[in-house]
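The values are calculated or read from the model by the stated rules, or taken from the named source; none is laboratory data. Fair warning: this is a prediction, and the values are worked out from it, not measured in the lab. Every residue, glycine among them, receives a Cβ derived from its backbone with ideal geometry; neighbour counts consider all protein chains shown. The accessibility values were calculated without ligands, DNA or RNA, using every heavy atom of the protein model including side chains. Shrake-Rupley method; radii C 1.70, N 1.55, O 1.52, S 1.80 Å.
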Amino acid sequence: RATLLLSRCLLKMVKGNIIVPEEILSFCCNGLQGSTSPPRAQEPGEREEAPGAMASPSPARNPTEVQMSQLVLPCHTNHRGELSTGQLLKWIDTAACLSAERHAGCPCVTASMDDIYFEHTISVGQVVNIKAKVNRAFNSSMEVGIQVSYEDLCSGKHCSICKAYATFVAQGPLGSKVRLKPLTPQTEEEKIEYSIAAERRRMRLVHKDTLKDLLTQSPQETELETRDGSGAVPAEKTRVESVELVLPPHANHQGNTFGGQIMAWMENVATIAASRLCHAHPTLRAIEMFHFRGPSQVGDRLVLKAIVNNAFKNSMEVGVSAEAYGQEMSVSCRHINSAFMTFVVLDQEGHPRTLPMVAPEPGDGERRYREASARKKIRLDRKYVVSCKQTEVPLSVPWDQSNKVYLSYNNVSALKMLVAKANWALAREKEKVRMYTLEEDKFLSFRIEISVCIPASRAFSLLSNLQRRHEWDSHYVSAELVQKVDDDDMIYHVVSQKLRHENKPQDFVILASRRKPCSKGDPYVVAFRSVTLPTHPARAEFTRGETLCSGFCIWPESEEMSKVAYYNQATPGYLNYVTTNVAGLSSDICSTFEACEKFLLKNKEDLISRLQDF
């Protein structure tokens, strides 16, 4: 810094025709090149230090990572001295956009935002720390992961606020889409996020269909909840409408309105609508997954509308929409975005208060009322099936039509997380079969892998059919297809042999989820986990077994060679069998996998023979 300041002074002196000594000019030139002093002569007997010997090298930082720290000032807060959620959304969107543009190398716009759950409020004087980085790039869109925490400068306390995932689209000249370069993850955490990003993308694409399916199965009549206390408040009394003029400070360098700014305006009108129901100051707890349907530009008039759709006992859902008009507001509008926000009202001890009921208007009001109930169920499914840690869920989760998307996501993402973990250790090697183990605090996992001369797509087709597994796995007696959920998800009732020290055979109800590669380098995936079906309860003649996370990953090594790997996170009932094999007291697992190789090769040859006959 001193060198730069001195250089600036020297430039002014040169411009003013003041003579500068040659020694000072030489010092400045060397300083600007990174050397502020001439090299020191080495003393006799002194050993030259290797480069970097005095400091340990820091880990390579993700080139797309953006860190933002903001001090919460009074102008950022509400009447309680807490950070406005709208302001936080603007900061989140800005950090995420900067991360996306680092990877794309061109302007990017917000396409969607996944569910956001706000765990704590932030007070004036505290610091908001936001870290954003690109998890995965697809063709023209990319997923950006955002972590938000706050820091109390006085106590040094750090606390997590929320975690969010946003999708951004790269834009070229005249709004054309730009094909993105692929992203290569480096750390274990980045590999996990990279792998699961494809599953999150899949879940976003079917989000609307999930809501439609749930509403189709639900009763069409609106059943109002009965609650002690005052009568129901007409939903129409909570309606809010406001207009905002988009000015240059609200837009990016292309003139498009910042997504975070639109979210902040939407949060403002939603808060007013919620306040009209409860006659108090509400707190925003969650924002539902939403999509931006089109851009708005500087000069647009954004009309924001909000209304309370439904009030549950301790929370309420507010629906809010944004429409863009040009200078002539009589011209037809452009629908920009719709969002659904969940609010609570906290008492002095921080506990949610009981809210008054809402009386919906006939027609659209009743439709919104029913949809709010359906969205609440979907939010709970996503929060406790998708977002939870593996150690916080029961082994068998009840399956039904409404949560099929999230159980499938959880099934595949759990296996991908296991695959991406580091510290796998080679435990045994028998001819071509290799067995690895991963020891964690609460789980012992194993991986069996082998290279087989078969195309990966053919191996994927054979191994994903549990009805043929008894042909190579002697532990399987039968596998009945109970329900074909869709082309990629099926539920089987599996009966296996009796384990040692067991008097009865085991049975399982297993969800099998298949995934083809999303892009080059991805494996074929077949994931298994236990689910609960009311049509197949535990029966006296079987011991009900459960599997938490298991399945196959198949990587193509060439057109005719594949690496087949089987993963299993051992459950307590299966642990003794696994440890016996790991310790070398049994070769049953390796023998089973050798039989799997023979099964794959035999069926490959059968396929070739049939093709030749044809």
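Per-residue surface analysis assigns E241 an accessible area of about 130 Å², computed on protein heavy atoms at 1.4 Å probe radius. The overall shape of segment 437-506 is oblate: from the C-alpha gyration tensor, with semi-axes ordered a ≥ b ≥ c, the ratio a/c is 1.5 or greater and a/b is no larger than b/c. In terms of accessible area, using a 1.4 Å probe and ignoring ligands and nucleic acids, T532, T571 rank largest first as T532, T571.
Residues F340, F290, ordered by accessible area of protein heavy atoms at a 1.4 angstrom probe radius and largest first, appear as F340, F290. Taking θ as phi - 60° and the Karplus parameters 6.51, -1.76 and 1.60, the scalar couplings of segment 546-555 work out to 9, 10, 8, 7, 7, x, 10, 10, 10, 9 Hz in sequence order, x denoting glycine and proline. A 1.4 Å probe over all protein chains sorts E267, E244, E143, E480 by accessible area into E480, E244, E267, E143, starting with the largest.
For F443, the solvent-accessible surface with a 1.4 Å probe is about 50 Å², rounded to the nearest 10.
For segment 434-441, putting each phi into the Karplus relation 6.51 cos²θ - 1.76 cosθ + 1.60 with θ = phi - 60° gives couplings of 10, 10, 10, 10, 9, 9, 10, 4 Hz, in residue order, rounded to whole numbers and with x for Gly and Pro. Apolar share of the accessible surface for segment 63-216: 53 percent from carbon plus sulfur atoms, 1.4 Å probe. Of the GluC sites (Glu not before Pro) found in segment 345-378, those in coil by DSSP whose Cβ has at most 11 other Cβ atoms within 10 Å are E349.
Computed with a 1.4 Å probe on the full set of protein chains, the accessible area for K484 sits at about 120 Å². Under the classification rounded if a/c is under 1.5, otherwise prolate if a/b is larger than b/c and oblate if not, where does segment 63-216 fall, given a ≥ b ≥ c as square roots of the Cα gyration tensor eigenvalues? Note, shape of segment 63-216 comes out prolate.
Just how many % of Cα pairs in segment 234-390 lie over 25 Å apart, if you round to the nearest whole percent?
Numbers: 4351 of 12246 pairs.
Result for the distance tail: 36 percent.
Here is the link list: K191/K602; K421/K520; K181/K376; K404/K432; K177/K520; K133/K177. Which ones come out longer than 26 Å on Cα distance?
Correct reply: K191/K602; K181/K376; K404/K432.
Taking every protein chain into account, the accessible area of segment 288-352 amounts to 42 square angstrom per residue (probe 1.4 Å). The gain in end-to-end length when the C75 to V124 segment is fully stretched comes to 16.7 nm, 0.36 nm per residue minus the alpha carbon separation.
Taking square-rooted eigenvalues a ≥ b ≥ c of the alpha carbon gyration tensor, is segment 392-610 rounded, prolate or oblate, where a/c under 1.5 means rounded and, failing that, a/b exceeding b/c means prolate? Because its axes are fairly even, with a/c under 1.5, segment 392-610 counts as rounded. Applying the Karplus relation 6.51 cos²θ - 1.76 cosθ + 1.60 with θ = phi - 60° to segment 515-527 yields 3J(HN,Hα) values of 9, 7, x, 7, 8, 4, x, 6, x, 6, 10, 10, 10 Hz, where x marks Gly and Pro.
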